[in-house]
Structures are given as C-alpha cells and as structure tokens.
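Data block below; observations after.
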Amino acid sequence: MSSRRSSQSGTSRITDDQIIELVSKLRQLVPEIRNRRSDKVPASKVLQETCNYIRSLHREVDDLSERLSQLLATIDADSAEASIIRSLIAQ
Amino acid sequence: MTPKGVSLNPNSRKTKFARRFLCALSQMRNPRPVSSSNDEEVRKRSHKIKIAAYLSMARTVGSRRAWSRALLFKLRTRARRHNMMIGRRSLCLKKKRVIKNDPQGELSQTNKLRHLVPGGKTMDMCSLLEETAHFVTCLATQVKVMQTIADHFDK
C-alpha cells in the first residue's frame, strides 16, 4: 500500500515505483502525451495534461448534450430512428 | 439492425452505457408534439441529457470504483436538493475551484486533479492516479458513444 508521503517533509518528490507506473499508465491514456516520446515527459506535465484532457472531455459532453437536445426536438416518435433505438435497447 | 459504425459486444462497458443512455434519452422525448422548441426548453433538456449521460456511465461502472460511487452520491444529492427547491435556480455543475498556493509543481497539479475526479479529495496519491485513469477511459467512452448517437441522428 502506498504510504502517505505528505506526512513527511512537504518537499518530498514522488518517487514511489507504484506511482511511476500509474503515471505512465496515465501517459498512455491522454492523447496529447501519447504521441510524444514518453521518456521526456515529467510527472507534473502528465498531471497537467490529464487535467486539461478531463476538462476538454467535460466540454465535449456539454456540446454533445446541446446537440442531442436540439436533435431530439426534431425526432418523430414513429420514425425509423426510434425503432432502431428500441431494437438496440431490447437486445 | 444496427447503426453504421457501431459494433455491439453485449458485455462491454460501451454497450451497457449506450443502452442505459439511449433508454434515458427515449424517456426524455417530449410527450406533447413540439413544433416550437424554444431556447429555454432546449437548454433545460440539454442539461438533463448531460446529467443522464454521467448518471448512465456511473451506473454502468457501478459501485466498483470510488469515483463512480462519489459521482452517484453527488448526483443523487443534487437531485434530492433540486426536487426540494423547485423554482429556485441553484444548480451549477461546476464547483468553485480553490487552487491552493503551492510551490511544488506536482502537488498543485495533484490538487487540480483532485477537484476534477469525483471523490478525489480524500484519496491518497496512488488511488487518485488509478481512479483518474479509469475515470478518463470511461469519460472518453461516454463522449464516443454520445458522438456516435448524435451523428446517427444527424443523418
């Protein structure tokens, strides 16, 4: 289990092997970093890019909700799309 | 008959989320024939859709993950509070962020991350990173499914 590093001196760097492994896992997930050479990306940069990525995903969800809301307004209840949805749900 | 570009593996997280989300969407269709959808209604519905998306994803993941538990708790508390205070516009999805003044680059980034990941404030570093990784994958899946659905309706 990871120890609480914050209880030690506040300036201790994060050097736990487990944490390095987790950070590299995060590196693979964030598209910004995945395309760069992973060796040169420090942990703080990974965290920063992760934060930015999460925020951009939230923004995308907002935009998509807006778009879906407008599209839902134009959908006819008995149209083909509704039947597709129903068949998808019923599977 | 499946829509173009969607391959359905019945056990995948993506499929389960898609199914829940589509269910929620179909319940949201306006019962009365809407010829004039004004901006206010569109905005209200868009907010409901957004909540439904996060709710569906959190339910799909279930209580296996700390972030999904925290998100479910937050959404349910919000719903309860909203039902009690109908008529008052007190809902805001984004909490105010208090960035602690911290000289260490890693620690301040960690604080920002804690505010972004549900339930992140009380986690230790290891759990926070694990939960973040899972949260990011699920969010990306959610976005992808929503995009597919929207593109399908757009045709």
| For residues in the range B:109-144 being charged (D, E, K, R) and in contact (Cβ under 8 Å) with a residue 60 or more places away in the chain, which is surrounded by the fewest Cβ atoms within 10 Å (Cβ to Cβ)? | B:Lys144
| query | Given the conditions (1) modelled with pLDDT under 80; (2) more than 15 Å from the chain's Cα centre (by Cα); (3) more than 8 Å from every other protein chain (Cβ to nearest Cβ), and given that A:Arg5 satisfies all but one, which numbered condition is not satisfied? | reply | (3)
| query | Considering only residues of the range A:40-60 that are among the aliphatic types (A, V, I, L, M) and at the interface with chain B (Cβ under 7 Å from one of its Cβ atoms), which is farthest from the chain's Cα centre (by Cα)? | reply | A:Ala43
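The values are calculated or read from the model by the stated rules, or taken from the named source; none is laboratory data. The structure presented is a predicted model; accordingly, all values stated were derived computationally and were not measured. Because the Cβ atoms are built from the backbone with ideal geometry, glycine has one as well, and the counts that use them run over all protein chains shown.
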